[in-house]
Amino acid sequence: MTAQRVIITGASDGVGAALARVYARRGAVLGLIARRGGALAGLAAELGTTVATYAVDVRDASALAAAARDFESRFGPPDVVIANAGVNAGTLTQFPEDVPVVQWIFDVNVIGTVKTFQSFLPAMLAARRGVLVGIASVAGIRGLPGNGAYCASKSAVITYVESLRVELRGSGVDALTIAPGFIATTMTARNPYPMPFQLTADEAARRFVRAIDARRRYAVIPWQMGIVARLLRLVPRWIFDRATSGGKRKPRRTAAPD
C-alpha cells in the first residue's frame, strides 16, 4: 500500500506539529512547512518517517510554489494538504498602528491559505484525487470585540473553502473546513477570558485527522463547540451585542512581525 502524502503548514509547533506526529505514526510521507527551519528540522528528526521540510512563509507564493515542485518531484502529488498556518492578535480600529497587524493576520490566515492550496492544487487536479483542508475557527462565526481581525479572517476562510468545495465538485479533489474551538497552544496562552471545552494540541490533531479521514465537509471540533456554534448563529443581534460587549479582550500587538 502506498504511503499517504501529507502537506502541513504551520508545522513547527502547536497543532501543526501534533498533526505531523499523528500522520507520522501512520507512516505517511510528510511535507512540513513553517517559517522556523530549525524547529522543523528538530521535529523531523523525531518523527521516524519520510519528511521533507521547507522553511517557508505562507505569504511567499514563489517559495511555496518551489516547495510544491520539490515535494511533487520527489514523492508525487499530495493526498492531503492542510492549511494550518495561522496567527492571532487583538486589534482595535481606532489605532492606526493596528492596521499593519490586521493586514498581517489576513495575509497569513486568508491569503496564506489561498497560496498554499494554489501551489499544490494543479498536481492534485491532474491526479484527480486528494483533499484540501482549511483550518478555520469557531471565532469565524460571529464577531467578537477586540478580536475583529482574527474573527473576520477565519470567517473568510470558512466562506473561501466552502466556495472551493463547490468549485471542485466532480474533480476528485475535496475541500474541507475544520473549525476548532479553544486549543492549548502559544496562540491561546495569553487569552484573558475563560476557554470552555479546551483541547490539547495532541487531542485536537487526532480529532482533525478523524474528520479528514471521514471527508467531513465542515467539522466543528470538539462537538460541544459545535453546539455553541449553532447557538451563536441563532442568537439575535441585540442579545449577542449585550452579552459580548463587556467581556475581556485579547491583548493587542504593538506591531506586526516582518
- request: May I ask you to say which residue of VAL99, VAL80 is aliphatic (A, V, I, L, M) and surrounded by 17 or more Cβ atoms within 10 Å (Cβ to Cβ)?
  value: VAL80
- line: In the range 132-173, anything acidic (Asp, Glu) and free of Cβ contacts under 8 Å to residues at least 24 places away in the same chain is listed as GLU167
message: Give me the residue from the range 23-52 that is within 18 Å of the chain's Cα centre (by Cα) and surrounded by fewer than 21 Cβ atoms within 10 Å (Cβ to Cβ) and, out of that set, farthest from LYS115 (Cα to Cα).
response: ARG36
When residues of the range 105-131 are limited to those that are out of contact with any Asp or Glu (no Cβ under 6 Å at 6 or more places or on another chain) and not in a helix (DSSP H, G or I), the one surrounded by the most Cβ atoms within 10 Å (Cβ to Cβ): ARG129
query: Quick one: how many residues across the range 191-212 are more than 17 Å from ILE7 (Cα to Cα), at pLDDT 80 or above and in contact with a strand residue (DSSP E or B) (Cβ under 9 Å, 6 or more places away or on another chain)?
result: 7
task: For residues that are surrounded by fewer than 18 Cβ atoms within 10 Å (Cβ to Cβ) and at pLDDT 80 or above, tally how many sit in the range 169-190.
output: 4
Residues (surrounded by fewer than 14 Cβ atoms within 10 Å (Cβ to Cβ) and polar (S, T, N, Q)) located in the range 53-77: SER62, SER73
query: Given GLY146, GLY134, which one is under 25 Å from ASP107 (Cβ atoms) and either assigned to a helix (DSSP H, G or I) or at pLDDT below 95 (or both)?
result: GLY146
field: The lone exception for ARG216 - which of (1) part of a loop (DSSP other than H, G, I, E, B); (2) modelled with pLDDT of 85 or more; (3) loosely packed, with under 13 Cβ neighbours inside 10 Å it fails
entry: (3)
query: When SER171 is evaluated against the numbered criteria (1) in contact with a strand residue (DSSP E or B) (Cβ under 7 Å, 6 or more places away or on another chain); (2) part of a loop (DSSP other than H, G, I, E, B), which criterion, by number, is the only one it fails?
result: (1)
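The values are calculated or read from the model by the stated rules, or taken from the named source; none is laboratory data. Just so we're clear, the structure is a prediction, and the values are computed from it rather than from any experiment. No Cβ is skipped: glycine too gets one built from the backbone with ideal geometry, and neighbour counts run over all protein chains shown.
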